[in-house]
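Student: For reference, the structure I am asking about is given below.
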Amino acid sequence: MALFVVNIGNTRVQTGIWREGRIEDFRQQLRDDFEPDAQLPSELPVAAACVVPAARSRFTRDGIFWLHSGVATGLDLGGVSGIGADRLANAIALRDACPDRNALCLDCGTAITWEAVDANGRLRGGAIAPGRRLMRRALHEYTAQLPLLEMDNSEPPEIGADTATAIRCGVD
């Protein structure tokens, strides 16, 4: 059975078709550009994870399965509480991809998160840190002279010889 899956993050929306344990037709776009009524297929069931309540309210279609920590997933939450739908989805996928092994999922988006699932399928916990864009912004907004650097996907230097490369070295 195929399932249309949607991940609504702070910055981007990712979609794809989950079929036989794999994501097909993966796409992503800026969250503000995503139009749920126009972009959800009518012929497939939809499952979604969302960390932005205002974005979720834009969905008018009935019958969407919304992932949240109160849903039975088969994942042992082991005392972990208040976990966001994005981190929960990562932990479920990690458990399914790495059964009977300790594993770690690293997700680099607006925030950098990681989740640890043990060999028994128990979510042990994780961490949340600012992503690259947030770190760059914080350095600029909360210091007197550090510049706001544009995002750059090139390899950062090993050591910064000037302010801009020092920021890139530290952040990237």
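Student: Sum up the charges of everything whose Cβ sits under 14 Å from the Cβ of Pro156, counting Lys and Arg as +1 and Asp and Glu as -1, but leave Pro156 out.
Tutor: Values: positive: Arg132, Arg136, Arg168; negative: Glu150, Asp152, Glu155, Glu158, Asp162, Asp172.
Charge balance in the 14 Å sphere: -3.
Student: Heavy atoms of the protein only, probe of 1.4 Å, neighbouring chains included. What is the accessible area of Met151 in Å², nearest 10?
Tutor: Solvent-accessible area, nearest 10 Å²: 70 Å².
Student: Let me ask you something else. What nm value, rounded to one decimal, do you get for the distance between Thr163 and Ile17 when each label is placed 7 Å out toward the C-beta?
Tutor: Roughly 5.1 nm, to one decimal.
Student: With a/c under 1.5 counting as rounded, go ahead and sort the stretch 1-80 into rounded, prolate or oblate using the C-alpha gyration tensor (a ≥ b ≥ c being the square roots of the eigenvalues; past the cut-off, prolate if a/b is larger than b/c, else oblate). Kindly include the intermediate steps, with their values, before the conclusion.
Tutor: Numbers: a/c = 1.60, a/b = 1.21, b/c = 1.32.
Oblate.
Student: Express in nm, to one decimal, how much length is gained between Met1 and Thr143 on full extension, taking 0.36 nm for each residue of separation and deducting their alpha carbon distance.
Tutor: Numbers: separation 142, 0.36 × 142 = 51.12 nm, distance 5.25 nm.
Full extension from Met1 to Thr143 adds 45.9 nm.
Student: Something else now. What number, rounded to the nearest 500 deg cm²/dmol, is the helix-based mean residue ellipticity at 222 nm of the chain, given -39500 (n - 2.57) per DSSP H run of at least four residues and division by all its residues?
Tutor: Details: 5 runs with 40 residues, N = 172.
It comes out at -6000 deg cm²/dmol, rounded to the nearest 500.
Student: Going by accessible area, probe 1.4 Å, with all protein chains left in place, what is the ranking of Phe26, Phe34, Phe59, largest first? Show your work: numbers first, answer last.
Tutor: On the way: Phe26 125, Phe34 5, Phe59 25 Å².
So, going from the largest accessible area down, we get Phe26, Phe59, Phe34.
Student: How much solvent-accessible surface does Leu94 expose, in Å² to the nearest 10, with a 1.4 Å probe and all protein chains in place?
Tutor: Surface accessible to solvent at Leu94 totals approximately 20 Å².
Student: I want the antiparallel fraction of DSSP beta bridges within the chain, as a percent rounded to 5. Walk me through the numbers before you get to the answer.
Tutor: Numbers: 26 of 34 bridges.
Bridges in the chain that DSSP calls antiparallel: roughly 75 percent.
Student: Check Val80: other-chain or 5+ apart residues with amide H under 5 Å from its amide H, H built from backbone geometry?
Tutor: Close amide H contacts, sequence-distant or interchain: none at all.
Student: Does the stretch 1-146 classify as rounded, prolate or oblate by the C-alpha gyration tensor (a ≥ b ≥ c root eigenvalues; a/c under 1.5 gives rounded; else a/b over b/c gives prolate, otherwise oblate)? Working shown, then result.
Tutor: Details: a/c = 1.93, a/b = 1.10, b/c = 1.75.
Oblate is the answer for the stretch 1-146, as a/c is 1.5 or above yet b/c matches or exceeds a/b.
Student: Follow-up. How much accessible area per residue does the stretch 55-136 have, counting only protein heavy atoms and a probe of 1.4 Å, in square angstrom?
Tutor: On the way: 4580 Å² over 82 residues.
On a per-residue basis, 56 Å².
Student: Now for a separate question. Give the separation of the Cα centroids, the stretch 1-79 to the stretch 84-118, in Å.
Tutor: Taking the Cα centre of the stretch 84-118 as reference, the centre of the stretch 1-79 is 16 Å away.
Student: For Glu24, what accessible surface area do you get with a 1.4 Å probe? Give it in Å², rounded to 10.
Tutor: About 70 Å², rounded to the nearest 10.
Student: I'd like the carbon and sulfur percentage of the solvent accessible area for the stretch 38-172, probe radius 1.4 Å, heavy atoms only, ligands and nucleic acids excluded.
Tutor: Details: 4370 of 8240 Å².
Looking at the stretch 38-172 in its full context, I get 53 percent from C and S.
Student: Would you rank Arg61, Arg95, Arg137 by solvent-accessible area, highest first, keeping every protein chain in place and using a 1.4 Å probe? Please list the in-between numbers first.
Tutor: Numbers: Arg61 75, Arg95 50, Arg137 110 Å².
Ranking Arg61, Arg95, Arg137 by accessible area, largest first, yields Arg137, Arg61, Arg95.
Student: Going by accessible area, probe 1.4 Å, with all protein chains left in place, what is the ranking of Ile64, Ile128, largest first?
Tutor: Details: Ile64 25, Ile128 115 Å².
Most to least solvent-accessible, the answer reads Ile128, Ile64.
The values are calculated or read from the model by the stated rules, or taken from the named source; none is laboratory data. Since this is a predicted model, take the numbers as computed values, not measurements. Every residue, glycine as well, gets a Cβ built from its backbone with ideal geometry; the counts of neighbours run over all protein chains shown. Surface accessibility is based on the protein's heavy atoms, side chains included, excluding ligands, DNA and RNA. Shrake-Rupley method; radii C 1.70, N 1.55, O 1.52, S 1.80 Å.
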